[in-house]
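One structure is given here, and the rest of the page talks about it.
The values are calculated or read from the model by the stated rules, or taken from the named source; none is laboratory data. The structure presented is a predicted model; accordingly, all values stated were derived computationally and were not measured. Note: ideal-geometry Cβ built from the backbone for every residue, glycine included; neighbour counts use all protein chains shown. These accessible areas exclude ligands, DNA and RNA; they are computed on the full protein's heavy atoms, side chains included. Shrake-Rupley method; radii C 1.70, N 1.55, O 1.52, S 1.80 Å.
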Amino acid sequence: MPVPGVIVNNARARRSALTAPALLLLLLFVTGIVYWSGLHGGYFFDDYPNIVDNQAVHVSQPTLANWHAASMASPSPVLRRPLAMLSFAVNYYFTGLDPFWFKLTNLCIHLLNGILLFMVLRKLLSLWRRADSSGRCLSAQAADLLAALVTGAWLLAPINLTAVLYVVQRMTSLAQVFVLAGLWLYLHGRTRQFDRRRAWPCMLGGLLGGVVLGLGSKETAILLPTYALICELALLGFRDGSGRRNPALIAFFAVATAIPVAIGLFWLLPHVLHGGYSSRPFTLGERLLTESRVLVDYMRWTVLPGPKALSFYHDDIAVSKGLFDPVATVICIGWIVVLLFTAFGCLRRAPLVALGLLWFFSAHVLTGTIIPLELVFEHRNYFASIGLLLAVFAIILQLSRRVNLRLPAYVAFCVLIAWPAVVTAIRAHEWSNPLRLASSEALLHPRSPRAQYELGRALVIVSDYGRKSPALLEKAKQAFLIAMRLPNSDVQAEQGLIMIAGHTGRMPDDAWWQSMANKLRKHPPSAEDRTAIYSVLMCQIKGPCPRQPQQMLAVYISALSHPGADAQLLAGYSQFAAYELGDLPLAQRVARDAVTRAHNSVIIRDALGPILRGEVKSSSGKEAAGH
């Protein structure tokens, strides 16, 4: 005869099993609605060199050679990110360059990541109940609710918007597909281990496969074993089905974490210590100090986002020159130390809080420490925000167990999902129109050179170089002038001014050329600088910019005055020497150097092929001079 208590408990378990997926489906649907308007926007920033202007990605004939060329077409100098680049080529093959379909694909990847995240959290919390005998773990119903709520908050968090609507950041979201799938497969293997079944193929396949495939989209996938290690430290305790710690598992993680760290330091330190920061307006020490403030900003933007704080451009952030310059630096460092001590102190008393905090900080190990990257990008929180939201929601769930705090806790859950959804909807609406987005960014960040440049660029496009609206073109020129004069600005604004002059039949101002040369003489050219120089060169070679070889030569001399010239810069100088100076021997010497430094890159080799073969004419129409 059935026991009544068992029947009731089974009924609750069935309701729990149905309620959490139903809530997840609702939140997935809401996410699609919130993002829908943003899908109608245009391309942005690095979308152009990676997709729009990258001819290798524009696959029209589905041959194996074309697909391989597309997969290797990333400007990234390290791993090429072949899976992400291949996905762009597939998008182009079926839908052309219409940005709507690229963005819709990104949204589908984001929703897939939401489903995978829910599966990971559900599996992890289920394993925690089996590994923990102290009674601290959540019931099945509470665990499923927490998994659904954290997933929903993460899907709707505005800090993750650029990973969806900024097309090129499919690299980030696609890498996370393999990270989450690999983590789920590892946890599935751990479940088999608890059942005393064959487990290591699943566990190793999840971690190694997730890393290898994830690296095909972005280097951040290398952190997958670290996320699994934190799961063991906080919740699972390296225990197996017998309840004892598994020595083989401990040894595996000791090797799996030590080897990548050793290889990473061996590869990174020489670059970091010898010229890695030469093209940055900050030193290694200043970056580490500034990142303390950036991490605290990330926390605020994740948990309590505001539409005015979140932005694509953060190049106007002040660099920390010392612990007290600004004073917020030492305050933020203190806060981070407190959180780290809290995380390790909570490993036994509040393991979910510890797990979330350690996930957050570990996700920033690559982008927030010694590597000479730019200081701030919101998409770097695509995994990190999971940890922070998990910690916050776990605290609120714990408070909800108290009768007198139950209603405030439920209100907090609703607010922490609804308010970010509103902010994301507002931002998605801004992203639905390139000019609206550029105007909003420039208004919010008047000291950001990139925001002002992007406003000018958007105005140029809308005005069609003045053919549709001379007034808008004049506003574009003013935006470029503002950007050009801002501290730490690159030479994109000067490029914009020179190209406006060329398209309107005027001679560029000598002050713009002088400004370019001066900036390039002060520090090695950044990626944006190199792209701007090349754009001006192509405008002169192919028209309509007037030929000014002496000014262009001064720009290249300034850019090449620094040691370790980039292959892209050398390739442009080779073309300048061939087509503008008519000096074929010089062009060929530089071309060979560029191909070597680019590690025989298909893009560089093809671009310089006519020069290397001697099949060039100068812009005057005469054969380039040879000896």
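In a simple Cβ point-charge model (Lys, Arg +1; Asp, Glu -1; nothing else charged), the chain has a dipole of about 2160 debye relative to its Cα centre.
Quick check: Cα centre of region 89-128 to Cα centre of region 413-475, how many Å? The two parts, judged by their Cα centres, are 26 Å apart. For region 389-489, trypsin sites (Lys or Arg not before Pro) are listed when DSSP marks them as loop and at most 16 other Cβ atoms sit within 10 Å of their Cβ; the list is Arg401, Arg402, Arg447, Arg467, Lys468.
What does the charge add up to near Arg239, with Lys and Arg as +1, Asp and Glu as -1, over the other residues with Cβ less than 12 Å from its Cβ? Every neighbour counted, the sum reads +1. Sorting Asp606, Asp144, Asp316 on solvent-accessible area from highest to lowest, probe radius 1.4 Å, gives Asp606, Asp316, Asp144. Backbone geometry of region 461-478 corresponds, through the Karplus equation with coefficients 6.51, -1.76 and 1.60 at θ = phi - 60°, to 3J(HN,Hα) couplings of 5, 5, 7, 6, 6, x, 5, 9, 7, x, 5, 5, 5, 5, 5, 4, 4, 5 Hz, x marking Gly and Pro.
Summing charges over neighbours of Ile500, with a neighbour being any other residue whose Cβ is under 10 Å away from its Cβ, gives +1 when K and R count +1 and D and E count -1.
Label sites at Leu443 and Thr596, each approximated as a point 7 angstrom past Cα along Cα to Cβ, lie 5.4 nm apart. Summing -39500 (n - 2.57) over the DSSP H runs of n ≥ 4 in the chain and dividing by its residue number, what mean residue ellipticity at 222 nm do you reach, to the nearest 500 deg cm²/dmol? Helices in the chain give a 222 nm mean residue ellipticity of -22000 deg cm²/dmol. Please report the carbon-and-sulfur percent of the accessible area for region 255-377; probe 1.4 Å, protein heavy atoms only, DNA, RNA and ligands left out. Reported share for carbon and sulfur atoms: 76 percent. The calculated FRET efficiency for Leu288 paired with Val255, based on their beta-carbon distance and R0 = 35 Å, is about 0.80. Among the protein heavy atoms of region 524-564, carbon and sulfur supply 59% of the accessible surface, probe 1.4 Å, non-protein parts ignored.
Taking Cα pairs under 8 Å and at least six residues apart, what relative contact order does the chain come out at, in percent? It rounds to 12 percent for the chain.
For the set Asp315, Asp47, solvent exposure ranked by accessible area (probe 1.4 Å, protein chains only) runs largest to smallest as Asp315, Asp47.
Gyration tensor over the Cα atoms of region 104-166: the corresponding equivalent ellipsoid has semi-axes (square roots of 5 times the eigenvalues, largest first) of 29, 10, 8 Å.
Residues in the chain average 44 Å² of solvent-accessible surface per residue, probe 1.4 Å, ligands and nucleic acids excluded. Under the simplified labelling scheme, the Gln55-Met507 pair shows an inter-label distance of 3.3 nm, with each label point 7 Å from Cα along Cα→Cβ. Peptides 201-214, 257-270, 522-535 ranked from most to least packed by the mean count of surrounding Cβ atoms within 10 Å: 522-535, 201-214, 257-270.
Across region 417-431, computed HN-Hα scalar couplings (Karplus, 6.51 cos²θ - 1.76 cosθ + 1.60, θ = phi - 60°) run 9, 5, 5, x, 4, 5, 5, 5, 5, 4, 5, 4, 4, 5, 6 Hz from first to last residue, x flagging Gly and Pro. Here region 454-604 yields Rg over Rh of 0.99, to two decimals, using C-alpha coordinates and the Kirkwood radius. No disulfide-compatible partner, judged by a Cβ distance under 4.7 Å, exists for the following cysteines of the chain: Cys108, Cys137, Cys202, Cys231, Cys332, Cys346, Cys414. Based on the Stokes-Einstein relation at 25 °C and a viscosity of 0.890 mPa s, and on the Kirkwood radius from alpha carbon pairs, region 360-503 is assigned a translational diffusion coefficient of 132 µm²/s.
Given the alternatives [x] 26.8, 102; [y] 26.8, 89; [z] 28.8, 100, Rg and Dmax of the Cα atoms in Å as computed for this entry is given by [x].
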